[in-house]
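Written out below as structure tokens is the structure these notes cover.
The values are calculated or read from the model by the stated rules, or taken from the named source; none is laboratory data. Because the structure is a prediction, the values reported are computed rather than measured. All Cβ positions, even for glycine, are placed from backbone atoms using ideal geometry, and neighbour counts span all protein chains on display.
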Amino acid sequence: MNHFNYKNGLLHCEDIPLPAIAEAVGTPFYVYSSATLSRHFKAVDEAFSDIKHITCFAVKSCSNIAILNLFSSLGGGADIVSGGELFRALRAGVEPQKIVYSGVGKTVEELRYALNSRILMFNVESVQELQALQETAAALGCTAPVALRINPNVDPKTHAYISTGLARNKFGIPVAEAAKIYVEARGMPNIEIVGVSCHIGSQLTSVAPFIESLHKVIDFIKELAALRINIRYLDMGGGLGIKYEEENPPAPGEYAAAVKKVLREVNGCTLIIEPGRVIVGNAGALVTKVLYTKEGIKKFIIVDAGMNDLARPSLYDAYHEILPVIESQETAEADIVGPICESGDFLARGRLAPVAVRHDLLAVMSAGAYGFTMSSNYNSRPRVAEVMVRQTEFNVIRKRETFADLIRGEAVPEFT
């Protein structure tokens, strides 16, 4: 469920008609429903309310500090993958002891920043990273709380680019090698073993891969227990999918029930979950204006949002529903394309699209996850505004960039 609905023939976000936002901030813009964000966060978090758990929102999916602050106010933490995301989470008010740091390429500077910030734990993804963390913690005179991210070699049955739990993926440590590395970590004076981590991919539409990987993680925790290595946190990652088109992903309650049934075998562990897309995906839309239309062999609707604003269609050939802001049932087959100088710049291809003319507004739905966070300045295009709606009010939570922003930090050299 989301809070985007037609009222009196106009598409609204909660109680605000989208044309009113467009008039105030221009197009394109991302708009988020705070009611949807809150509802979805609570749906996930409360599904696990009867067990010890921490819901760490996956910052990479939607990193605006207003959104992070909202989730923090609801008791949430953060799953981060960079020093920049750590900065955002802390600035948004997320408690450091609810921050988990994942990612294969943490720099020494980032490790130092996270250690000084006293985050909950590091999900370590290689032996060399573990050694770097030991050295960095020793230099700071502190102890690093660690979980190894194990790779269970489970097929998540999702897009190849967002699969992370197969042996051929770059993420994690093969489960067959991980026990030996835990023993090595136990002998490091500035490393404290606190958990086991696993994440198999994104946009999963079945519970089965989660449960398959969870069984492997639990078997591994039992193996560690036999080595007298006790685990306090079991990080299951995220990855629960949403409905973009014909998908039928499990509801958070169904997912939670299946996970909790298996978790009975390790009652002493605190579960960490890292939802991202399932919370924010359907809570956001990208609103764009029609610039021109043209017809030849096929019809094109040219809009002012491009692949730099929403990369998913070009990158993954992903489907996003596109709705007319003024309600209409009239459709025709067309490509909806942007202004970027690339043939790969499209929001939809060969689709029954709303019949639109110049200056019409279109809403690209389910764009809250991996929308703005993946946007860029390609073709020297300023990044768009972000807006949050709460009932009858809206606030700009990120100003539209200017041309001056495009060259901030650049300089013409003055060689002698």
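Odds and ends about this structure:
- Remark: GLU295 falls outside the filter, which requires a residue to be touching a Gly at 6+ places or on another chain (Cβ under 6 Å) and either at pLDDT below 95 or closer than 23 Å to LYS243 by Cβ (or both).
- Picking from residues in the range 259-289 that are surrounded by 24 or more Cβ atoms within 10 Å (Cβ to Cβ) and small (Gly, Ala, Ser), the one that is nearest to PHE71 (Cα to Cα) is GLY276.
- Scanning the range 318-341 for residues that are among the charged types (D, E, K, R) and touching a residue at least 40 places away in the same chain (Cβ under 8 Å), we see that the one that is surrounded by the most Cβ atoms within 10 Å (Cβ to Cβ) is GLU321.
- Among the residues making up the range 342-372, those that are of a type in the set (A, V, I, L, M), without any contact (Cβ under 8 Å) to a residue 40 or more places away in the chain and either in contact with a Gly (Cβ under 7 Å, 6 or more places away or on another chain) or part of a strand (DSSP E or B) (or both) are ALA348, LEU352.
- Those helices (runs of 4 or more DSSP H) lying entirely in the range 58-162 with at least 2 residues within 18 Å of the chain's Cα centre (by Cα): 65-73, 83-91
- Restricting the range 362-416 to residues that are under 24 Å from the mean Cα position of the chain (by Cα) and of a type in the set (Lys, Arg) leaves a set whose member that is nearest to ASN5 (Cα to Cα) is ARG390.
- ILE301 fulfils the conditions (1) outside the structural domain of ASN64 (by TED's automatic domain parsing); (2) touching a residue at least 24 places away in the same chain (Cβ under 8 Å); (3) assigned to a loop (DSSP other than H, G, I, E, B); (4) not hydroxyl-bearing (Ser, Thr, Tyr) except for a single criterion, (3).
- Breaking point among (1) surrounded by fewer than 18 Cβ atoms within 10 Å (Cβ to Cβ); (2) touching a residue at least 40 places away in the same chain (Cβ under 8 Å), for ALA144: (1)
- Enumeration of residues in the range 373-404 that are in contact (Cβ under 8 Å) with a residue 60 or more places away in the chain and among the charged types (D, E, K, R): ARG381, ARG383, GLU386, ARG390, GLU393, ARG398, ARG400
- Every residue from the range 320-341 that is at pLDDT 95 or above and in a loop (DSSP other than H, G, I, E, B): HIS320, GLU321, VAL325, GLU327, GLY338, PRO339, ILE340, CYS341
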